[in-house]
Amino acid sequence: MKLDPSFIWTAFVQMLSAIPTTLYITLVSVVAGFVIGVAVALIRIYKVPLLYPLAVGYVTFIRGTPMLTHLLLIYFGLPVMIDGLALHFDWAFRSVSIPMIGFAYISFSITAGAYMSEVVRSGLLAVDRGQIEAAYSVGMTTPQALRRIVFPQALGASLPNLSNSVIGMLHGSTLAFTVSVVDINAKAQIVASTNWKFFEAYLAAALIFWGLTLLIERATALIEKRINLYNRGGVV
Amino acid sequence: MGAPFDISYVFSFLPKLLTTLGTTLLIVACSLLSGVLVGFLIALPRLYKVPVLKTCAEIYISFFRGTPILIQLFLFYYGLPEILKLVSVDVTRTPVLFFVILTYGLHTGAFMSEMIRASVTAVDRGQVEAAYATGMTSFQAFSRIVLPQALGIAIPVFSNLVIALLKDTSLAFTLGVMEMTGKAQTLGSISQHFIETYIALALIYLVISFTIEKLLLVAERRLLRHEERSSPAKRMFRLQKNGSYRRIIAELGPGKGGGGL
Amino acid sequence: MIKIEHLSKSFGRHQVLNNIDLTVTKGEVVVILGPSGSGKTTLLRCVNYLEKPGDGEISIGDFRLNCKHARKKEIHQLRQKTAMVFQQYNLFRHKTALENVMEGLLVVKKLPKEEARNRSIALLEKVGLGAKLDAYPSQLSGGQQQRVGIARALALEPEVILFDEPTSALDPELVGEVLAVIRKIAKEGITMIVVTHEMGFARDVANHVVFMDGGVIVEEGTPAEVFNHPREERTKQFLKRITPELNYSI
C-alpha cells in the first residue's frame, strides 16, 4: 500500500456522480426542516396549549439523541407502522414501495426540524420587543406584524445559525450510507474498497465536502450583506 | 422486517447496552480533554493575531468544520498510518480507539477554539480598559477579569459541544469500536428486534445529554451570578440589555447548528 | 374627545394605575408629569393597549372599549385611532426612513403605493428629513430617528398621538430639534398626550398638565395653575426638585 496522489483525482471524478444525491438529501431536509422549525418555534413562543408540551418533547428528544438513531428508528419503525395501518385500513400501499432515499428524507427532515426550531426561535427572540410594539402602534394585526416586521428581522439575525444548520445537514447526509443510499460518502467507500486506496478516496471526499461547505458559507456572507444592510453604521 | 414489536425487549436491552456506556464516555472524556487543549492552542494565535500561525489556525478550523466527522474518521483511520509509514513509524498495532479519540479531539478542538475566541471577544472592551486603569498587568487583566466572564458566556456553547460530541461518538461503530451504537447494532441483528434496541439506545443518549445539559446549566448559573438573567420567554418582550445581546452573539458564532449528528 | 374612565392596572400585586379618569378634548396637548414609577408611561401604553389594563374604559369619539372584555377587533380599532412615539424610537430596523413612514399607510390604511409614498415624503420633509429618505435607522442620529418616529405617527392621522418620553433617550444637544418638531405639530391642532420630563416644554406647549404619583392623578389643570400655584403638597415637592433643571434644559 503506497500513497498515490494521482488517484485522489481519479476518485474525485468518480465521486462527482454522487454529489446530486447528497445535495438532494440536504435540500429536502433543510426545506422541510425549516417549515417544521417555524411551526414548532411559534408553538413554543406562543405557548399553544396541548401542542406546546409535544413541541418541547420533540425538540428535546431529537436534540438529545444522535441523528443516526433517528434514521435507524425511522428505517426500522416506519415500515412496521405503515404496514400495520395498511393492513388495518385495507390500503394497497406497502412500505416496500418506499425508496431507500425516502427514509433518509423523512428522518433527516425530522432531525433538521428540531434544530431549525431552535434557530428560528432564537432569531425571533433576538428581535426587540419594541419592534412589535411599534407595529401594533401603527395599527398592524399580529400576523401582519409577524410577517412584515418580525420575520424579516429574525431572518437576518438567524442567518449565521441557519447557515450552520445547512452545513450540519450537508455533513449529516453522510449517514445515508446506513440505509444503502449512495451519496458522496458511500461512493467514497465503494471507490476506496474496489481500488484498495482508502486514504486517497476519503481525501477526495473530504475535499468535495470542504468545497461545498465553503460555498455555503460564501453564499451566506453574500445574503447577509444584503439582508443586514440596515445594520450598517453602528449608530445606536 | 425483524421480529414483531415487543416493548419488554426495550427494558431487557437497556442493561446490555449500558455495559458499553463506559467506552462511549471514555471517548467523550478523552476527546473533550484533547479538544479543549487543541482549542486553546488554535485560539491563541487568532486572539493575538500572530501572522502566519493565524492563517494556519484558520485553515485548520475551516477544514474540521467544513468536512463531515464521518469522513474525518475514515481519513485519519486509513490515512495516518500511511503518512506515518513515510517517516517509518509503524502504527498498525495501535488500537482503533486511539484513532477515534484523536479524530474526535481534533474535530472538537476546532469548535472549541471558535468558542474560546467568541467568548473572549464577547467580554466588553471596557472591562479590560478598567482593569488596566486600576493598574493590572495584561496577564492579570486576562486571568482575573476577562476569563471569569468569558467562562460564563462560553458555557452554553460548551454544553452544546459536549452533547454534540456525545452524539458524534455514535459513528465510532463504523470503525468497529464496540461503543453503544455498535453494541445496539449487534444486539439488533442477533435478536432481530431492531426497533426495540434503537429505542433503548435513544433513551440512553437522551438521559446522558439531559444530565450533561442540566449540570452545565448549574455551572452557568453560578458563573453568571452577577448578571440577573430573565427567562427566555421574558427576554422576547423586554428591551435587549447588553448582557443578553452578548449571549446571543456568543451563541451565534461557534454553534454546531444541525451538525450534532 | 378622548375619555379614560376608571382605568386600573397592576403588575402582579403591585398596583401601577389606580382608577384613573382623564378627559382630553380635541386639539388639546396634555402633558403628564410625575416622578419615575408614578405610572405615567403605563397609562400611555394602556391607551394604545400595549399593556392590557386590568379594568376601565377608553373611549375615542364614538368608539368605546371596555378594557376588561376587549375583543381582538376592538383592540385593533383602538390602535388604529392612536399612534405612539416611543422613548427608544422603535423604528423598524430593516426599513428605511421612508419605508418606516409608509409601512402603516400600506399595510393598515391600504393606500396605493404612490400615494403612500408622496404623503410620507411630505411628512418627512415636514420634520426636516427630506434628505434622509433612504437612510436606515442605524445610519441616523437619535434625534433624526425620533423625528422619523414622529412622522410615522403623523402619517396614520390618528385621533391622538401618544408621546412616551420622546426625548429622554437623546443626547442633550439633540433634544431641541425633536421638541421643535413636536411644538410645530402641536400648533397644527393635533391632539397629543405627552409624557416628558422637559418642564420648559410642558409650560410652553401644554394646554393641560396632569401630575401623577403612585398610580393616581394627584392634580391637573392649566400649566399656569399647576406650575405657578400647585395645590397639592406632592406636586410642590416634585416641582421644587425638578425646577433647577428648568434653567438650562430649554
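The values are calculated or read from the model by the stated rules, or taken from the named source; none is laboratory data. Here the structure is a predicted model, which is why all the values come from computation and not from measurement. Cβ sites come from the backbone with ideal geometry, for glycine too, and all protein chains shown count toward neighbours. Quick note on the areas: whole protein, heavy atoms, side chains included, nothing else; ligands and nucleic acids left out. Shrake-Rupley method; radii C 1.70, N 1.55, O 1.52, S 1.80 Å.
Remark: C:L162 falls outside the filter, which requires a residue to be surrounded by 19 or more Cβ atoms within 10 Å (Cβ to Cβ), out of contact with any Lys or Arg (no Cβ under 7 Å at 6 or more places or on another chain) and in a helix (DSSP H, G or I).
Somewhere in region B:74-89, is a residue part of a loop (DSSP other than H, G, I, E, B) and within 14 Å of chain A (Cβ to nearest Cβ)? Yes, region B:74-89 has at least one match. Considering A:A86, A:A104, A:A112, the condition of being within 20 Å of the chain's Cα centre (by Cα) and away from every other protein chain (no Cβ under 12 Å) is satisfied by A:A104 alone. Once region C:123-138 is narrowed to residues that are part of a helix (DSSP H, G or I) and open to solvent by 30 Å² or more (accessible area, probe 1.4 Å), the residue that is nearest to the other protein chains (Cβ to nearest Cβ) is C:K126. Need the failing condition index for B:A184 against (1) more than 9 Å from chain A (Cβ to nearest Cβ); (2) in a helix (DSSP H, G or I), just the number. Result: B:A184 fails condition (1) only. If you check A:Y75, A:Y105 for being out of contact with any Leu (no Cβ under 9 Å at 6 or more places or on another chain), under 26 Å from A:A41 (Cβ atoms) and at pLDDT 90 or above, only one passes: A:Y105. The residues of region C:139-159 include none that are facing chain A (nearest Cβ under 8 Å), in a loop (DSSP other than H, G, I, E, B) and among the charged types (D, E, K, R). Candidates in region C:61-106 are the residues that are within 11 Å of C:L156 (Cβ to Cβ) and facing another protein chain (nearest Cβ under 8 Å); of these, the one that is most open to solvent (accessible area, probe 1.4 Å) is C:Q80.
Is it the case that B:I199 is away from chain A (no Cβ under 11 Å), farther than 25 Å from B:L44 by Cβ and open to solvent by 40 Å² or more (accessible area, probe 1.4 Å)? Spelling it out, it is not the case that B:I199 is away from chain A (no Cβ under 11 Å), farther than 25 Å from B:L44 by Cβ and open to solvent by 40 Å² or more (accessible area, probe 1.4 Å). Have a look at C:K52, C:K9, C:K26 and point out the one that is touching a Cys at 6+ places or on another chain (Cβ under 9 Å) and modelled with pLDDT of 90 or more. Matching residue, one of C:K52, C:K9, C:K26: C:K9. One residue stands out in region C:191-236 among those that are of a type in the set (G, A, S) and outside any strand (DSSP E or B): the one that is surrounded by the fewest Cβ atoms within 10 Å (Cβ to Cβ), namely C:A224. Take the conditions in a helix (DSSP H, G or I) and closer than 20 Å to A:L155 by Cα and apply them to A:F12. Does it pass? Judged against the criteria, A:F12 is not a match. Residues that are in contact with a Phe, Trp or Tyr (Cβ under 9 Å, 6 or more places away or on another chain) and more than 7 Å from chain B (Cβ to nearest Cβ) were ranked within region A:64-82; the one that is nearest to A:G37 (Cα to Cα) is A:H70.
Whether any residue in region B:60-73 is of a type outside the set (V, I, T), assigned to a helix (DSSP H, G or I) and open to solvent by 40 Å² or more (accessible area, probe 1.4 Å) is what I want to check. Yes: one or more hits.
Here C:S141, C:S120 are screened, and the one residue that is open to solvent by less than 30 Å² (accessible area, probe 1.4 Å), under 30 Å from A:K225 (Cβ atoms) and of a type in the set (S, T, N, Q) is C:S120. Scanning region A:134-147 for residues that are surrounded by fewer than 20 Cβ atoms within 10 Å (Cβ to Cβ) and at the interface with another protein chain (Cβ under 7 Å from one of its Cβ atoms), we see that the one that is nearest to A:S163 (Cα to Cα) is A:Q144.
Go through region A:148-205 and count every residue that is farther than 28 Å from A:G130 by Cα and either aliphatic (A, V, I, L, M) or open to solvent by less than 10 Å² (accessible area, probe 1.4 Å) (or both). The number of residues fulfilling the criteria is 28. Condition first: in contact with a Ser or Thr (Cβ under 9 Å, 6 or more places away or on another chain), in a helix (DSSP H, G or I) and within 14 Å of chain A (Cβ to nearest Cβ). Can you find one or more residues in region B:34-56 that meet it? Scanning region B:34-56, I find no residue that is in contact with a Ser or Thr (Cβ under 9 Å, 6 or more places away or on another chain), in a helix (DSSP H, G or I) and within 14 Å of chain A (Cβ to nearest Cβ), so the answer is no.
Residue by residue, here is whether (1) buried (at least 21 other Cβ atoms within 10 Å of the Cβ); (2) of a type in the set (D, E); (3) farther than 26 Å from A:M81 by Cα holds:
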position: B:A141; (1), (2), (3): no, no, yes
position: B:L166; (1), (2), (3): yes, no, yes
position: B:Q185; (1), (2), (3): no, no, no
position: B:I190; (1), (2), (3): no, no, no
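For region C:10-58, the set of residues classified as surrounded by 22 or more Cβ atoms within 10 Å (Cβ to Cβ), more than 17 Å from the chain's Cα centre (by Cα) and part of a loop (DSSP other than H, G, I, E, B) consists of C:P53 only. Out of region B:5-32, which residues are open to solvent by 40 Å² or more (accessible area, probe 1.4 Å), in contact with a His (Cβ under 9 Å, 6 or more places away or on another chain) and within 19 Å of A:I74 (Cβ to Cβ)? Of everything in region B:5-32, those that are open to solvent by 40 Å² or more (accessible area, probe 1.4 Å), in contact with a His (Cβ under 9 Å, 6 or more places away or on another chain) and within 19 Å of A:I74 (Cβ to Cβ) turn out to be B:F5, B:Y9. Summed over region A:33-80, the residues that are surrounded by fewer than 17 Cβ atoms within 10 Å (Cβ to Cβ) and either assigned to a loop (DSSP other than H, G, I, E, B) or touching an Asp or Glu at 6+ places or on another chain (Cβ under 6 Å) (or both) give a count of 5.
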